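First the structure, in the form of structure tokens, and then the observations on it.
The values are calculated or read from the model by the stated rules, or taken from the named source; none is laboratory data. This one's a predicted model, so the numbers in the text were calculated from it and none came from an experiment. Neighbour counts run over all protein chains shown; Cβ positions are idealised from the backbone, glycine included.
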Amino acid sequence: MNFKTFQAVDMAAALDKVKREMGSNAVILSSRKVRRSNGSFGMFARPIVEVTAALDEDVAENNTGRNRQNSQERQHGKRHGNLKRREKKTPAEERLNALEPVVNALNPLRNEIAELREIITSNSEANSIGRIELKKAAKLSEEMENMKSMFNFMVEQSDLHKGMSLGTNFLLAYRRMVERGVEPAFARSLIEKVKNNVPGRRDVDLRTIIAEVVDDIKDSMMIGDPIKPYAAGPRIVSLIGPTGVGKTTTIAKIAAELALEGKSVGLITIDTYRIAAVEQLKIYAGILNLPLEVVLTPDELKTAISNFCTKDVILIDTAGRSQRDTEKLDELASFLSQNDLIENHLVINAAADTETIDETVKNFGAIPIAGLIFTKMDETKKPGVVISQNFKTGLPIVYTTNGQKVPEDIEKASAQKLAVGLFKKAV
């Protein structure tokens, strides 16, 4: 029998070594985790897998012969294939071949990243000096991972890269915006604007590009003012939108902010389809010591608004409607059209996909919309959908919310924060 011991970062890598060196007929006799020192005093000793395998010598000899024959056949096939490829290459193949050395050179980063992660995992209880080193290792891991991802993206977007003549930093900024939800057309427009403003159209550092993009987004976005009282008469605001986007909780947050500022607020709900929604708003009204009226018909809505005529702000909670249910949307539009002073704010789930958001804005457009409120910002990895929607519709973004806490988890929309958020690492 032929015995041999192999060490690797994990079991899969160890088995791969066994198979490559001893063949598929090798028998695993034992495996265990050991620690291999990777720094002074064993501070960064990390666990590795050690596997002992055995192979019968006759089998090994037969395997060697077969492997030699297979290797010769593969070499012959490879030479034959290379001759055929030399005959003619498509433009796509030529572009990929040009980038192939770079991509291949980055492949070893995968193992480096895996090793760094194992160091971080195995040293979670390290002392303060160790934690500093671990932070450095984590940062290096992220940078290497980002670099590899970037070059893979360059391969995938080779036509775009060639057509726009973008330098690496411009392409990296474009890629981050698209990954974070900005539609490609808007991302290209922003990048081209920055690129055209660079003297000599030279490549510039990524930090400068990001700063210019952020400034352009700030200048281009429409941000609405938060809901405040008018100088004369009550301000009447309704929140509309699909079921489950958080209209009732958002109403409570706005009401709480106004109440804390000393403003008088009246609450109205026409969401009688869900008993739970009415009860939820009743609880909030009780906590905030605000009056609440439940209405069933347009005439009752008129009466409720009249009863609150001395209030600074009247907030109306509506029933959720599917953006595809045109009959219910028409019914809601008829309900709210009884008073021309009602401002309708469309509430949208920021974690929804782009197609759903587009459909929601389009179909709820049957009702006059004064502004947009994006909820669940804490649940989305693509905050760029807010920016794209603003660019497409021109509707002002009024509020964003990022949790269930009342009134903390709501804030006035900020173009600066939304733009900067595009370039933060997605969690």
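Can you tell me which residue among Ala366, Ala413 is surrounded by 15 or more Cβ atoms within 10 Å (Cβ to Cβ) and touching a residue at least 24 places away in the same chain (Cβ under 8 Å)?
When all the criteria are applied, what remains is Ala413.
For the stretch 389-398, indicate whether the set of residues that are assigned by TED's automatic domain parsing to the domain that holds Leu260, out of contact with any helix residue (DSSP H, G or I) (no Cβ under 7 Å at 6 or more places or on another chain) and surrounded by 20 or more Cβ atoms within 10 Å (Cβ to Cβ) is non-empty.
yes
Within the stretch 394-407, track down each residue that is part of a loop (DSSP other than H, G, I, E, B), in contact (Cβ under 8 Å) with a residue 24 or more places away in the chain and either within 24 Å of Gly244 (Cα to Cα) or of a type in the set (S, T, N, Q) (or both).
Within the stretch 394-407, Leu395, Pro396, Asn402, Gly403, Gln404, Val406, Pro407 meet the criteria.
Which ranges mark the helices (runs of 4 or more DSSP H) fully within the stretch 254-365 that have 2 or more residues being at pLDDT 90 or above and farther than 30 Å from Glu179 by Cα?
Numbers: elements: 275-288, 298-307, 326-336, 354-364.
Hits in the stretch 254-365: 298-307.
Residues being exposed (fewer than 13 other Cβ atoms within 10 Å of the Cβ) and more than 37 Å from the chain's Cα centre (by Cα): count how many of those fall in the stretch 3-20.
Of the residues in that region, 3 qualify.
Search the stretch 373-388 for residues being touching a residue at least 40 places away in the same chain (Cβ under 8 Å) and not in a helix (DSSP H, G or I), and hand back the single one that is surrounded by the most Cβ atoms within 10 Å (Cβ to Cβ).
So the residue we want is Thr375.
Of the numbered conditions (1) in the same structural domain as Glu411 (by TED's automatic domain parsing); (2) within 29 Å of the chain's Cα centre (by Cα), Ala259 fails exactly one; give the number of that condition.
(2)
Residues are listed down the side, and each one gets a yes or a no for (1) closer than 22 Å to Asn349 by Cα; (2) free of Cβ contacts under 8 Å to residues at least 60 places away in the same chain; (3) touching a Cys at 6+ places or on another chain (Cβ under 6 Å); (4) not small (Gly, Ala, Ser):
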{"site": "Val245", "(1), (2), (3), (4)": "yes, no, no, yes"}
{"site": "Ile251", "(1), (2), (3), (4)": "yes, no, no, yes"}
{"site": "Gly262", "(1), (2), (3), (4)": "no, yes, no, no"}
{"site": "Asp271", "(1), (2), (3), (4)": "yes, yes, no, yes"}
{"site": "Pro298", "(1), (2), (3), (4)": "no, yes, no, yes"}
{"site": "Thr326", "(1), (2), (3), (4)": "yes, yes, no, yes"}
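Within the stretch 336-357, can you find the residues that are farther than 14 Å from Gly241 by Cβ and crowded, with 20+ Cβ neighbours inside 10 Å?
Ile342
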